[in-house]
Amino acid sequence: MRHDATERARRFARAVVRCDVCFDDVAGSDTARVAPGACAHFFCASCVATIARTHVVEGSIASLVCPACGASIPPHVLRRFLSDELYERYETIALERSLAAMPDASRCPRCERVVIEDGDDHCGRCLGCEYTFCGLCRESWHPGESCLTPERKLEVLRSRGGSGAMAALGEDARRKHREQLADAMALRYVEKEGQRCPNCGFGVVKSEGCNKMTCGNCETRFCYKCGDAVDGYEHFRDGGKCALFDLDAVAAWEREMNAARLNAEGRQRDAYVAGDVIAASNCPSCRQMCYKLANNNHIRCWSCGQRYCHLCRKTVRRGAETAAHFGPGVGKCRQHSAD
């Protein structure tokens, strides 16, 4: 039995495998299984390394999943493809997000030690420096008094920074003050412009799109209008509590789409006047009608911006996917043709 498994592993190492990320053919020995025990998908090692490095650098570690099935990539796999510095950053981000998901955990404002708050009054007692503080505003413990508002806290920190006493402090103290000031500014911005996750309290500010949000920390889905947790779209349906899209967002989208449609129609008209071949096809992503101008089969949708093949209607992004999809080889589409 052990001999059979070894022989299968040797055959797989010599076999040619198609990577579903870059679509290159690579030897089995150059592939990696991203989530052993959770899925059976293999990808080329260079693609796995790129995925790992990109998401760790950008801080989006929740997206470290198998591109095929969404299974989470375990830490021991990431360790193979990350440098010591990047893996340390990954562990730091994972720890911070785990702590942020715990409603009764916070860090001591003085020594940054993790502290579990006592009861429902948000009182934190640090076992390291013995400092007692409020877990909400991170100021010294103030029983019976309300916490500082984000606006008031920012004013207090700014007044401290402008005093002559700050200049006499060490670099570490000044650095900590700058960090507290930046945190207070971010908190004020979230309180005024954004919404907090109903599960972990993580601040979210919407830039565009619909009102169904996904928390970047714990991935809880919630309504940006009222802050309630949601599952599906029942919350936004006719007669529901909130609208999925704001009216101003719909108006902005219509203005953008109208401009893009007019531009596409202008290019089509110019091609017709010039006598070029024009053929129509539907975008595989948004189903909008697009036009093939002249003989190029690699089309960019005027509506959603997706690039696809006019001949087979498959999505074909620029770069490695273009080289893999188009060409003279067997099973490939021709990038330029009159049909």
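Overview of values
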{"quantity": "Residue 200 vs. criteria modelled with pLDDT of 75 or more, in the same structural domain as residue 224 (by TED's automatic domain parsing), under 27 Å from residue 104 (Cβ atoms) and out of contact with any strand residue (DSSP E or B) (no Cβ under 9 Å at 6 or more places or on another chain)", "calculated": "yes"}
{"quantity": "Any hit, region 81-93, residues being loosely packed, with under 14 Cβ neighbours inside 10 Å and farther than 27 Å from residue 178 by Cβ", "calculated": "yes"}
{"quantity": "Enumerated strands (runs of 3 or more DSSP E) restricted to region 25-136, each holding at least 2 residues that are in the same structural domain as residue 183 (by TED's automatic domain parsing) and in contact with a Phe, Trp or Tyr (Cβ under 9 Å, 6 or more places away or on another chain)", "calculated": "123-125, 132-134"}
{"quantity": "Residues of region 308-320 satisfying the condition of being within 27 Å of the chain's Cα centre (by Cα) and surrounded by 17 or more Cβ atoms within 10 Å (Cβ to Cβ)", "calculated": "308, 316"}
{"quantity": "Out of 75, 36, 67, 109, sole residue that is touching a residue at least 40 places away in the same chain (Cβ under 8 Å) and farther than 28 Å from residue 321 by Cα", "calculated": "109"}
{"quantity": "In region 26-58, residue farthest from residue 214 (Cα to Cα) [restricted to those that are of a type in the set (Gly, Ala, Ser) and surrounded by 15 or more Cβ atoms within 10 Å (Cβ to Cβ)]", "calculated": "28"}
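Residue-wise test of (1) in contact (Cβ under 8 Å) with a residue 12 or more places away in the chain; (2) of a type in the set (Lys, Arg).
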site	(1), (2)
205	yes, no
208	yes, no
236	yes, no
243	yes, no
258	no, no
279	yes, no
283	yes, no
300	no, yes
306	yes, no
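The values are calculated or read from the model by the stated rules, or taken from the named source; none is laboratory data. Because the structure is a prediction, the values reported are computed rather than measured. Don't worry about glycine lacking a Cβ; one is built from the backbone with ideal geometry, like all the others, and counts go over all protein chains shown.
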